[in-house]
Amino acid sequence: MQSGEGTSLRIVHHPRGRRLIVLMPLWLAGCDGPQSWLAPAGRGADTVAGLFWVVVPAAAVIWTVVIGLAVYAGAITPRPHSEKGASRLILWGGIVAPTATIFALMVVSLFLLRDVTGNSADLTLNARGEQWWWRLAYEDPQGRLVPVPNELRLPVGHEAEILLTANRVIHSFWAPTLGGKIDMIPGRENRMTLTPTTPGVYRGQCAEFCGEAHAQMAFPVVVMQPDAFDDWLAGQAQPARAPATEAARRGAELFLSEGCGACHTVRGTPASGEVGPDLTHVGSRLTIGAGVLETSREALIDWIAAPEVVKPGARMPGYAMLSEAELGYLADYLMGLE
Amino acid sequence: MRLPGLHSRRGQAGWIAGAAVVVLALFVWVAPYNIAARLPHLPGVSWLLHTYMQNAVRTWSLGTEAPDWYDEDDPALVRLGAGHFETGCAPCHGAPGRPPNPVTRGMRPAPPPLDEPAADYAPRELHWIVRNGFKYTGMPAWPSADREDELWALVAFLRDYPALDAEDYAALAYGPSAPPDLNAARRITFGGLNDRLDELTDTCARCHGEDGLGREGTAPRLAGQSQAYMEETLDAYASGLRPSGIMEPVAATLSQAEIAQLAEHYAGLPAGPAAPADPDRDALITEGAALAKLGDAERPSCLSCHGEGGEVRRNPLFPRIAGQDERFLLVWLRLWRDRPFGGTPYAQVMHEAARWLTDAQTEALAAYFSTLDPESRSDPAE
């Protein structure tokens, strides 16, 4: 406590300017990386980034002119303007110029919006915002729904339509490298389209405050070659693999005897709960806990023992009462569910 | 010597205040007022305190409402209240046909016999008194303010209290395990001489029945319950981890070995038949069955943990609830839903599981499980 207070005091007394300088590299780093709309990997994000790079220089020019005029007005010796000249300045500079600029921007952005909103989707998926994870399900070629919670995978160059809704509170679905964000609203279905253009692994994030673990409500975004994507989706549609090792077999037993199946589904086993994410292929997913931990045996053990440590407010109760060995078996079982 | 400030108003006030503090300190230190319980109060003090108490009970119990499951005429609820009354209240207040323990006559105020108060106070007032107790008297507060189920059982019993004679009371509080003369032989010994387990099971049997089937809804059924679950739960009651005005005082007197013996004893008794399914409630029971088996997007399936048999071996720390008494299922589902409770290490899991149940769903689940055969081999995957 003592040292904590000392630290916070020091921050309070830090000169403001220096703090900004310290934060500068962070700010610049935000322009790149797996979660930046300034590093686009999809048609929507590309469009938005293009618009941004037009608007920013234009705004800089306007800003310079306005500030320049203000400085100039302050520097010259005040002298009365003719009423006619003043009226003309207000009319052209204060009404016509802004109206024309904003109107032009609106026209451009309406056209851009039309381009961004596709209408020839090759792929449909449902996305429901939960507290605090993503209930995603793909419609496979046979028309079946394939649940793939907390991970968005899309084939490059193909338009995907995402039907968005939410449970309980409003969330916002945002994969910044691919496109804009759209709210997920309980009792309403919103629609968005994404067309990825560059294969890679990115990150998505809930963009509407939705409760305690809002910041920990993320998802990996994987843009794949279409063939690889089809294989992947076919794999996800399969029932779970049988446990391959003795440890995994014991984990599978524990999974049922501890009642994990009350909340989680593992297709092909008696576990058929719908409260939490489907775990049929959890071992093949990049993260657990909705983008919070990179999938690994250790991460699964930590998560099962105490989810609230990495994700405050998570609905899953901790299973710290299990022995280390039991947690290990469970993790082995889940890692094997590829 | 001249004292400063004696000639100004403020100075005088300061001297008076200072003197008052000194006198008060002296009074506290010397303690000349005799607080002996042996002596009566000064004239009027008893009246003042008692009147204030009655008015406080009236004022502070305003707004208290009985829960929807509370039925004053439910004999099982009355029996539960009587069972605890015998343990927790009768030693000081006496019971119908039995005077209070002579020791309590020396208390001031002495705990009164309850026929009059039970008749005078409204149910909400009785609830307030039992829940909160009184400062400056020997009346304790209930160990947990959250156990509405227990408090209202006491209230139901107290409502009947004025009309009870010794025999009625013995039948309520002890049932078939009542000794022939309750007043002469307060100690209950059945079976073996000095066999403490026998005594213990008699204490349990007052509410849970000698067959462990709960005396027709007086207390939860224990027969055939999981041994590990009962051990952990008795531990939790004994340590106060699970709050209960009824079970804590009973469990706290038990040794580890006795807890183990009791759990083994009740686990070994045959689970009785479930309540017969009332055809009029088919829809409710079906609704409960669907939720219990499958759950939904908000609520996990009950049978994933509480289901018995089948090919899945369940953790023995999960209690068996098939065939349990309906009122207890309902009350506990709501307790679990409304706040976390201690218990086995899995108690938090139950709180999370019950959190989003509606009142209607708790009713459906209670109806379903109370009519579910405890011997059933249900497979949750079906």
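The values are calculated or read from the model by the stated rules, or taken from the named source; none is laboratory data. Quick caveat: nothing in here was measured; it's all calculated off a predicted structure. Every residue, glycine as well, gets a Cβ built from its backbone with ideal geometry; the counts of neighbours run over all protein chains shown. SASA here: full protein model, heavy atoms, side chains in, ligands and nucleic acids out. Shrake-Rupley method; radii C 1.70, N 1.55, O 1.52, S 1.80 Å.
Couple of notes before you dig in:
- Sorted into 20 angstrom bins from 0, the C-alpha pair distances of chain B split as 24, 48, 19, 7, 2, 0 percent.
- Among B:L372, B:L333, B:L26: highest mean-square fluctuation, GNM of chain B, C-alpha pairs under 10 Å: B:L26
- Calculated log₁₀ intensity ratio I(q)/I(0) where the Debye formula runs over C-alpha points of chain A, q = 0.07 Å⁻¹: -0.43
- For chain B, the solvent-accessible area with a 1.4 angstrom probe is 52 square angstrom per residue.
- Number of partner chain Cβ atoms within 10 Å, mean per residue of A:255-267: 6
- Packing around the peptides B:71-77, B:216-222, B:4-10, taken as the average count of other Cβ atoms within 10 Å per residue, puts them in this order, highest first: B:216-222, B:71-77, B:4-10.
- Convex hull volume of the protein assembly as shown per residue (C-alpha atoms, cubic angstrom): 332
- At least 15 Å along the helix axis (C-alpha) and Kyte average at least 0.5, DSSP helices within chain B: B:9-30, B:282-294
- Antiparallel DSSP beta bridges within the protein assembly as shown, as percent of all bridges there, nearest 5: 70
- Hydrophobic long helices, here whole DSSP H runs in chain A with Kyte-Doolittle means of at least 0.0 and Cα atoms spread over 30 Å or more along the helix axis, are found at A:43-75.
- Calculated [θ] (222 nm, deg cm²/dmol) that DSSP helices of n ≥ 4 give over chain B, each run adding -39,500 (n - 2.57): -14500 deg cm²/dmol
- Antiparallel DSSP beta bridges within chain A, as percent of all bridges there, nearest 5: 70
- Its relative contact order, with pairs defined as Cα atoms under 8 Å and 6+ residues apart, puts chain B at 14 percent.
- When accessible surface is computed with a 1.4 Å probe, chains A and B are found to bury approximately 1800 Å² between them, both chains counted.
- Here the protein assembly as shown exposes an accessible surface that is 61 percent carbon and sulfur, computed with a 1.4 Å probe and the other protein chains kept in place.
- GNM top mover of A:A104, A:A86, A:A306 - chain A, alpha-carbon springs below 10 Å: A:A86
- B:F369 accessible area, assembled protein chains, probe 1.4 Å, Å²: 10
- Average silhouette area of the range B:279-371, convex hull of alpha-carbon atoms, in square nanometres: 5.9
- Accessible area per residue for chain A, computed on protein heavy atoms with a 1.4 Å probe, is 54 Å².
- Rel. contact order, % - alpha carbon contacts under 8 angstrom, at least six apart, chain A: 15
- The candidates B:W356, B:W60, A:W303, arranged from most to least accessible area with a 1.4 Å probe in the full protein assembly, appear as B:W60, B:W356, A:W303.
- Whole-number percent relative contact order across the range B:1-120, with pairs defined as alpha carbons under 8 Å at least 6 apart: 17
- The helix-based estimate of mean residue ellipticity at 222 nm for chain A, built from -39,500 (n - 2.57) per DSSP H run of four or more residues and divided by its residue count, is -13000 deg cm²/dmol to the nearest 500.
- Along chain A, counting only trypsin sites (Lys or Arg not before Pro) with a DSSP assignment other than H, G, I, E or B and at most 11 other Cβ atoms inside a 10 Å radius, the longest segment between sites is A:189-338.
- Take each residue in B:296-306, count the other chain C-beta atoms within 10 Å of its C-beta, and the mean is 6.
- Relative packing of B:93-106, B:120-133, which averages over residues the other C-beta atoms within 10 Å, highest first: B:120-133, B:93-106
- Rg over Rh [alpha-carbon atoms, Kirkwood Rh] for the range B:63-185: 0.95
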